[in-house]
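Take a look at the structure below.
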Amino acid sequence: GIPLRPSDLAWERFLAEDGAFEPVPCLPNSHVNILFSSGTTGTQKAIPWTHLTEIKPEMDGHFHHDIQPGDVVDWPTNLGWMMGPWLIYASLLYGAAIALFDDAPTTRGFVESVEAAGVTMLGLVPSIVSTWRSTDALREGDWSTVRVMSSTGEASNPDDYSWLMEVAGGVPVIEYCGGTEIGGGYITGTVLHPAHAGCFTTPALGLDLRIIDEEGLEADEGEVFLVPPSMGLSTELINRDHHEVYFSSLPDADVPLRRHGDHMERLPNGMIRARGRVDDTMNLGGIKTSSAEVEDVVVGVPGVREAAAVGIPPDDGGPERLVVFAVVDSEHVPVDVGEAMQQAIRERLNPLFRIHDVVVVESLPRTASHKVMRRELRARYP
């Protein structure tokens with residue numbers, strides 16, 4: 001009973017008359033789609049996915065997210081973000097179905113759709129969970145079909161995900177981090193490891209990584225470099241020099257390395273925590289810190305729903321100044337939110353870090369993959 005647009009086809013017409021498609025032979029490196037990186041730290045890169053790339057989501061979906069034939073997979077995304085094609089390949093190539101919902105995933109309607117569709121694997125981004133928690137969107141409902149949850153797109157808030165796992169009845173959240181040029185994840189969790197909120201437990205199947213500090217040495221905290229080769233890794237860019245972007249001027253190591261640009265920290269228990277992008281670091285009073293470290297602290301202030309911390313260099317030179325952009329709940333935010341944030345930083349992070357300014361905004365600018373566009377916030381600041 002739904003009227004079709006002129007460009008739409010009914011399923012019966014979409015299929016060939018005999019119900020079968022003629023196969024089209026292609027070379028392994030033939031392009032199946034072209035995606036653009038988020039552009040959070042520079043010019044967007046046009047990254048081709050090939051017939052080999054699509055094997056990577058299938059691997060990650062099955063071996064790390066336990067997607068099985070007959071499952072129903074739901075991940076709020078779109079085809080402009082890599083998780084769109086990832087969802088198609090990870091689900092359909094393994095005989096699972098995809099649940100669709102045509103509205104914002106932060107609404108009560110989405111929560112109800114998870115129950116109605118019988119979703120078994122639910123993908124998320126941290127900002128969705130943060131909104132659910134602040135609006136009580138999960139106040140009721142039956143999610144008993146959900147067996148696994150996963151999170152990607154930005155650094156997770158451990159408190160939010162501890163809360164989610166509790167209200168979902170102990171369903172584990174698989175932390176999952178990768179990139180468009182990887183075709184999936186390079187570090188993740190599994191259903192075989194304990195689910196620690198906001199932490200990764202293992203490199204993704206088929207590759208390895210190194211954490212390198214500013215001295216070019218392996219360390220427990222620093223920039224992540226991938227160890228190629230691996231299924232899914234890009235081999236070309238349409239608008240950039242692939243070798244220059246990923247392989248030029250790398251640290252010396254006992255194995256070949258590939259640049260990725262994430263900032264990671266290995267914890268004493270062996271797990272790894274994301275600290276944002278290496279480009280999202282600040283030098284405050286001679287001490288280098290990441291945006292994620294500051295944001296983790298200030299989001300704990302009552303009434304602060306989301307925050308983005310950026311370092312702003314003064315026009316006349318000198319040390320960077322810490323500016324926090326915040327989305328607040330006007331009914332619960334302290335009268336002096338800046339002082340409350342400063343107190344939290346003093347007690348939980350570093351007493352030498354001083355907030356220069358707090359800018360209250362209605363929302364944070366984000367890419368299609370929900371990454372905060374700190375570069376835009378820097379440009380926005382007076």
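Out of 30, 230, 156, any idea which swings most in a Gaussian network model of the chain, alpha carbons joined below 10 Å?
Maximum fluctuation in the GNM of the chain, among the listed residues, is at 30.
How do 258, 348 stack up against each other in accessible area, from largest to smallest, with a 1.4 angstrom probe? Write out the running numbers ahead of the final one.
On the way: 258 5, 348 145 Å².
The ordering from most to least exposed comes out as 348, 258.
With a point put 7 Å past each Cα toward its Cβ, work out how far residue 269 is from residue 363 in nm, to one decimal.
3.5
Between residue 27 and residue 348, what is 0.36 nm times their sequence separation minus the Cα-Cα distance? Round to one decimal in nm.
Values: separation 321, 0.36 × 321 = 115.56 nm, distance 5.44 nm.
Result: 110.1 nm gained on full extension.
Once the whole set of protein chains is in place, how much accessible area is left on residue 21, using a 1.4 Å probe, in Å² to the nearest 10?
Only protein atoms counted, so the area is about 140 Å².
Just to be sure I understand: with springs between alpha-carbon atoms less than 10 Å apart, which residue in 150, 134, 290 has the highest mean-square fluctuation in the Gaussian network model of the chain?
Result for the chain, Cα springs under 10 Å: 134 fluctuates most.
Specify which labelled value, from (i) 24.9; (ii) 30.4; (iii) 22.5, agrees with mean projected area of the Cα convex hull in nm² derived from the coordinates of the model shown.
So the calculated entry is the one marked (iii).
So, with +1 on the Cβ of K and R and -1 on the Cβ of D and E, and no other charges, what is the size of the charge dipole of the chain about its Cα centre, to the nearest 20 debye? Show your work: numbers first, answer last.
Details: 28 positive and 56 negative charges, 78 e Å.
Dipole magnitude for the chain comes out near 380 debye.
Leaving out ligands, DNA and RNA but keeping every protein chain, what accessible area does residue 252 have, in Å² rounded to the nearest 10, with a 1.4 Å probe?
Solvent-accessible area, nearest 10 Å²: 140 Å².
Sort out for me the Cα centre separation of the range 124-156 from the range 67-112, rounded to whole Å.
Here the two parts' Cα centres lie 14 Å apart.
Which one, 347, 331, 221, has the greatest fluctuation when you compute a Gaussian network model over the chain with C-alpha springs under 10 angstrom?
331
Explain nothing, just the number: dipole magnitude of the range 107-249 about its Cα centre with +1 on each Lys and Arg Cβ and -1 on each Asp and Glu Cβ, in debye rounded to the nearest 20.
So the dipole magnitude of the range 107-249 works out to roughly 660 debye.
Add +1 for every Lys or Arg and -1 for every Asp or Glu among the other residues with Cβ under 11 Å from the Cβ of residue 232, and state the total.
So the surrounding residues net to -3.
The values are calculated or read from the model by the stated rules, or taken from the named source; none is laboratory data. Fair warning: this is a prediction, and the values are worked out from it, not measured in the lab. Reconstructed Cβ throughout: ideal geometry from the backbone, glycine too, with neighbour counts over all protein chains shown. Keep in mind that these areas ignore ligands, DNA and RNA; they rest on the heavy atoms of the full protein, side chains included. Shrake-Rupley method; radii C 1.70, N 1.55, O 1.52, S 1.80 Å.
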